[in-house]
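Have a look at the structure below before the remarks.
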Amino acid sequence: TQLLEQSPQFLSIQEGENLTVYCNSSSVFSSLQWYRQEPGEGPVLLVTVVTGGEVKKLKRLTFQFGDARKDSSLHITAAQPGDTGLYLCAGARNSGYALNFGKGTSLLVTP
Amino acid sequence: DVKVTQSSRYLVKRTGEKVFLECVQDMDHENMFWYRQDPGLGLRLIYFSYDVKMKEKGDIPEGYSVSREKKERFSLILESASTNQTSMYLCASARRFSNQPQHFGDGTRLSIL
């Protein structure tokens with residue numbers, strides 16, 4: 001059972017466009033993390049959101065945690081080729097040590 | 001910076017062989033994890049460990065075992081490798097609680113022939 005559903009699965013856009021990636025669940029998470037993975041490397045943490053309704057910005061990336069802590073979104077403004085990669089969301093439950101990962105959104109930004 | 005080092009970037013083995021994948025972290029993290037990553041399936045947790053000699057099964061433990069004799073080292077063992085275990089294997093470490101970020105190694109691409 002996939003606890004976290006990410007959409008879209010693939011996204012190919014041109015430099016300068018805006019985009020939004022979604023991470024949805026029917027489960028409540030104590031926090032949600034976003035990672036980016038580049039080819040040949042492991043995922044790297046971008047941000048952790050903890051409070052329902054929380055918005056965090058990382059340069060051109062804006063992350064939002066849903067009010068009910070069941071979903072999250074990642075918005076990229078004026079995408080650049082350097083944003084290309086696999087974006088993964090991961091939810092932490094209140095109990096246990098493991099994260100539940102979504103399947104990822106593969107983003108390609110072409111010049 | 002946290003560094004998680006996986007012993008091999010690429011590995012080719014034959015069916016039936018016993019395969020060892022090693023992972024070392026240098027930040028004194030309590031938790032360590034092994035995942036496999038396959039196209040269309042995302043990251044799937046194989047096993048994790050929250051302390052020395054302690055282990056918990058993840059979502060897909062069948063065909064695998066793990067060992068954590070020292071805090072900094074977490075080994076994944078394929079007891080008798082099969083072709084369906086061809087995959088990218090990722091190791092991660094984190095501080096104790098699940099809301100702590102996980103720090104990943106660069107992965108081992110394992111091919112079983």
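Restricting to the stretch B:70-88, what's the tally of residues that are small (Gly, Ala, Ser) and in a loop (DSSP other than H, G, I, E, B)?
Here the count works out to 3.
Only one of these is within 14 Å of chain B (Cβ to nearest Cβ) and of a type in the set (A, V, I, L, M, F, W, C): A:Leu74, A:Leu108, A:Leu88. Name it.
A:Leu88 is the lone residue from the list that is within 14 Å of chain B (Cβ to nearest Cβ) and of a type in the set (A, V, I, L, M, F, W, C).
Can you name the residue in the stretch A:2-40 that is surrounded by fewer than 16 Cβ atoms within 10 Å (Cβ to Cβ) and facing chain B (nearest Cβ under 9 Å) and, of all such residues, is farthest from the chain's Cα centre (by Cα)?
Only one residue fits best here, namely A:Gly40.
Show me the strands (runs of 3 or more DSSP E) found entirely inside the stretch A:42-111 where at least 2 residues are of a type in the set (A, V, I, L, M) and buried (at least 19 other Cβ atoms within 10 Å of the Cβ).
Details: elements: A:44-49, A:55-58, A:61-65, A:71-76, A:85-92, A:99-101, A:105-110.
Passing ranges, in order: A:44-49, A:71-76, A:85-92, A:105-110.
Looking at the stretch B:39-58 only, could you name the residues that are surrounded by 15 or more Cβ atoms within 10 Å (Cβ to Cβ), touching a Lys or Arg at 6+ places or on another chain (Cβ under 8 Å) and not β-branched (Val, Ile, Thr)?
B:Gly42, B:Leu43, B:Arg44, B:Tyr47, B:Phe48, B:Ser49, B:Tyr50, B:Lys55, B:Gly58 - these are the residues of the stretch B:39-58 that are surrounded by 15 or more Cβ atoms within 10 Å (Cβ to Cβ), touching a Lys or Arg at 6+ places or on another chain (Cβ under 8 Å) and not β-branched (Val, Ile, Thr).
Yes or no: the stretch A:6-20 includes at least one residue that is in a loop (DSSP other than H, G, I, E, B), in contact with a helix residue (DSSP H, G or I) (Cβ under 7 Å, 6 or more places away or on another chain) and modelled with pLDDT of 95 or more. Give the steps one after another, and end with the answer.
Filtering the stretch A:6-20 for residues in a loop (DSSP other than H, G, I, E, B) gives A:8-9, A:15-18.
Narrowing further to those that are in contact with a helix residue (DSSP H, G or I) (Cβ under 7 Å, 6 or more places away or on another chain): A:15.
So of that shortlist, the ones also modelled with pLDDT of 95 or more come out as A:15.
Taking every residue of the stretch A:6-20 in turn, at least one turns out to be in a loop (DSSP other than H, G, I, E, B), in contact with a helix residue (DSSP H, G or I) (Cβ under 7 Å, 6 or more places away or on another chain) and modelled with pLDDT of 95 or more.
The values are calculated or read from the model by the stated rules, or taken from the named source; none is laboratory data. Small disclaimer: the values here were computed from a predicted structure and weren't measured. Ideal geometry is used to build each Cβ from the backbone, glycine not excepted, and the neighbour counts take in all protein chains shown.
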